[in-house]
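Working notes for the structure below.
Please treat every number below as a calculation from the coordinates, not as lab data. Since the model is a prediction, treat every value here as computed from it, not as a measurement. When we count neighbours, we look across all protein chains shown, and the Cβ atoms used for this are built from the backbone with ideal geometry, even at glycine.
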Ligand code: GLA
């Protein structure tokens with residue numbers, strides 16, 4: 001054999017080995033099995049943060065009953081660091097964290113962490129994946145920026161991943177780290193703070209709002225490395241890694257492999273429009289979240305700006321939206337000043353229970369008309385659904401949804417619990433409806449009987465889905481930036497699902513050359529779907545043919561090359577089901593797994 005053939009065989013073996021590796025072999029040990037809950041000082045204090053302020057809020061979390069309600073993580077954000085010493089160790093700003101001063105020149109946040117732990121709370125910290133932090137680029141007037149030489153001011157983790165993770169998690173015993181990304185975005189050579197010599201030029205690996213000019217692979221590589229170093233310090237797991245790349249660098253496509261939550265948008269501001277923008281960025285990605293991996297539309301602004309004590313309707317709406325999409329609930333207000341009715345909104349146990357439901361399904365939008373939107377979140381109790389009826393606009397409106405869209409039996413008894421009003425009623429007429437005031441959200445828990453006791457749509461159980469390959473690299477950049485590669489109940493383009501010319505309400509929309517994994521855990525007997533290629537306004541005609549394949553624990557269960565395929569396969573005992581829609585390499589096109597359903 002000639003050497004060319006050897007290298008071809010080697011390549012093929014490598015490809016095969018990759019294909020059969022257990023998916024997400026490198027994923028962080030299980031943590032954050034429900035969305036993390038806690039408090040972060042950034043929204044209230046920016047870099048004017050101090051140990052006293054944080055401890056006052058920690059005490060309030062306890063006394064107001066919020067810690068008992070689940071808000072356990074007390075996180076430090078930007079501003080805690082003084083400098084990086086020549087030996088690489090980071091020094092703490094002891095003027096703000098006096099307990100970190102161990103005398104003799106050594107600083108440590110261990111005493112601070114110990115105090116939080118002794119209160120039954122958990123402790124979080126903050127770093128950057130690049131050389132420098134956000135405040136150094138964005139808060140130039142802050143008195144709390146790192147000091148010293150150019151190198152001493154490089155407090156970000158780049159090049160110090162192992163040493164910093166040992167310090168934060170080994171020595172200081174933190175439980176949570178938020179890893180920001182300004183170091184990859186805001187230190188390009190022509191920035192004034194770089195030209196002045198204050199900071200070293202770096203990147204850009206992220207150009208905000210321009211994924212095609214960013215370098216997603218490099219960004220992913222850096223987060224992967226930090227996550228590995230963190231896992232090495234804490235092989236037993238139990239820590240939370242929060243990736244803060246603001247929805248840039250296609251972060252949703254890869255972040256779940258390394259972190260437990262990832263920002264899907266820029267920083268939230270205390271305005272209704274900013275809140276809606278951030279909400280949408282996470283709400284449109286239900287198939288990316290699940291236990292241990294959450295879309296993060298940013299910290300809550302409840303208690304701040306247009307969500308303060310004078311805007312309780314907006315505050316409840318904001319809280320409802322984060323709850324229904326299983327977003328992390330990280331409070332941002334100064335709790336020591338928050339009025340009781342704001343604390344009551346944060347602490348509403350029924351709302352929190354919707355967010356923290358152990359099945360971990362993110363809510364899925366089932367209708368959106370004008371300013372009204374209805375989102376349904378499947379809860380773990382059979383026949384139980386949380387429903388958010390949302391009025392995004394400033395005029396009163398009516399929102400409604402048929403029980404049939406919740407896949408509940410209209411003939412069986414159905415109760416509806418309004419969790420903000422604390423009222424339960426029996427539903428008549430098979431339709432859930434609410435008259436909504438401006439910016440009002442009504443949040444319900446609907447308890448009925450499943451339409452079919454033995455079956456459920458995959459789009460009702462988004463936490464069971466993992467995107468192994470999304471086919472999105474084949475999209476033109478403008479579409480790549482806008483579309484969500486895998487969608488529940490619609491195509492990645494947002495268009496309605498259509499299979500063989502017929503509209504389909506429930507199913508998964510994806511792209512050609514995608515691979516989806518469904519976690520069955522041996523709980524189901526059959527998988528059914530009407531798969532088909534789809535036309536779209538942006539890409540034109542439907543792909544002529546696709547190779548539809550279904551694997552159960554890597555064994556082929558179904559294979560057909562055609563534009564459409566009716567799939568009905570036994571899956572008893574299968575733990576991982578894989579759905580493949582393969583087309584020509586590099587082809588862009590839409591596919592639908594219409595009516596994709598699992599039955600018991
Ligand atoms: C970025 C993050 C914010 C906050 C600041 C700190 O903007 O997105 O959440 O951490 O940096 O400087």
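How do 47, 149 line up, fewest other C-beta atoms within 10 Å first?
Numbers: 47 22, 149 10.
Ascending Cβ contact count within 10 Å gives the list 149, 47.
Considering only DSSP beta bridges with both partners in the chain, what is the antiparallel share in %, to the nearest 5? Display every interim value, and only then the final one.
Values: 91 of 114 bridges.
Of the beta bridges lying entirely in the chain, close to 80 percent run antiparallel.
Give me the percent of DSSP beta bridges within region 51-207 that run antiparallel, rounded to the nearest 5.
Working: 4 of 12 bridges.
Counting DSSP beta bridges with both partners in region 51-207, the antiparallel share is about 35 percent.
What order, most packed first, do the peptides 189-197, 312-320, 567-575 have when packing is the mean number of other Cβ atoms within 10 Å of each residue? Don't skip to the end; give the middle numbers.
Details: 189-197: 11.3, 312-320: 23.8, 567-575: 15.4.
My ranking of the peptides, most packed first, is 312-320, 567-575, 189-197.
Can you tell me how the chain classifies by the Cα gyration tensor, rounded, prolate or oblate, using a/c under 1.5 as the rounded cut? Let's see the in-between values first.
Working: a/c = 1.87, a/b = 1.23, b/c = 1.52.
In terms of gyration-tensor shape, oblate.
Quick check: from the Cα gyration tensor, does region 170-235 come out rounded (a/c under 1.5), prolate or oblate?
Values: a/c = 3.01, a/b = 1.67, b/c = 1.80.
Oblate.
For the chain, what does the helix formula give at 222 nm: sum of -39500 (n - 2.57) over DSSP H segments with n ≥ 4, over the residue count, nearest 500 deg cm²/dmol?
Details: 15 runs with 130 residues, N = 600.
Per the formula, -6000 deg cm²/dmol.
May I ask you to order 397-410, 355-368 by the average number of other C-beta atoms within 10 Å around their residues, highest value first?
Details: 397-410: 18.6, 355-368: 20.7.
Those peptides, ordered most packed to least, come out 355-368, 397-410.
What shape does region 358-477 have by the C-alpha gyration tensor, where a ≥ b ≥ c are the square roots of the eigenvalues, rounded means a/c under 1.5, and otherwise prolate means a/b greater than b/c and oblate the rest?
Working: a/c = 2.16, a/b = 1.22, b/c = 1.77.
Cα axes put region 358-477 in the oblate bin.
List the relative contact order of the chain as a percent without decimals, with contacts defined as Cα pairs under 8 Å and 6+ residues apart. Mind dumping the intermediate values first?
On the way: 1441 pairs, mean separation 60.9, N = 600.
Dividing the mean separation by the residue count of the chain yields 10 percent.
Using alpha carbons only, how many angstrom separate the centre of region 107-163 from the centre of region 242-288?
Centre-to-centre (Cα) distance: 22 Å.
Would you mind calculating the gained length between residue 538 and residue 454 on full extension (0.36 nm times residue separation, minus the Cα-Cα distance), in nm to one decimal?
Values: separation 84, 0.36 × 84 = 30.24 nm, distance 3.83 nm.
That pair, residue 538 and residue 454, stretches by 26.4 nm at full extension.
Rank by packing, highest mean first: peptides 526-535, 254-263, with packing defined as the count of other Cβ atoms within 10 Å averaged across residues. Don't skip to the end; give the middle numbers.
Working: 526-535: 22.5, 254-263: 25.7.
So the peptides 526-535, 254-263, ranked by packing, come out 254-263, 526-535.
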